[in-house]
Amino acid sequence: MKKLIVILIFSSIMLTGCVTVQPWEREKLSDPIMIINENPLEKGMFEHHIDYREGSTGATGAQSGGCGCG
């Protein structure tokens with residue numbers, strides 16, 4: 001009986017994430033409200049400021065010199 005309950009719980013968890021997105025539903029997913037960071041330029045400037053202030057770079061994918069110039 002325990003095995004059956006475990007199998008049912010596991011299968012219900014695994015089946016809940018399976019979704020096929022139709023082309024007409026993609027419009028809802030591409031809505032600007034779904035963007036985590038609205039202004040990528042502002043984010044880049046903030047990360048550059050933190051890197052320059054702390055004297056460290058890396059882990060963000062940005063490449064620049066250590067002088068803070070860019």
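One decimal place: the segment GLU54-LYS3 gains 13.0 nm when fully extended, by the rule 0.36 nm per residue minus the C-alpha distance.
The 3J(HN,Hα) values that the Karplus relation (6.51, -1.76, 1.60; θ = phi - 60°) gives for the range 20-27 are, in residue order, 9, 8, 7, x, 6, 8, 5, 4 Hz. Gly and Pro appear as x. Ranked by how many other Cβ atoms sit within 10 Å of their own Cβ, fewest first, the residues LYS2, LYS28 fall in the order LYS2, LYS28.
Only the coordinates and a few stated rules stand behind these numbers; no lab work does. All values reported here derive from a predicted model rather than from experimental measurement. Neighbour counts are summed over all protein chains in view; Cβ atoms, including those assigned to glycine, are modelled from backbone coordinates with ideal geometry.
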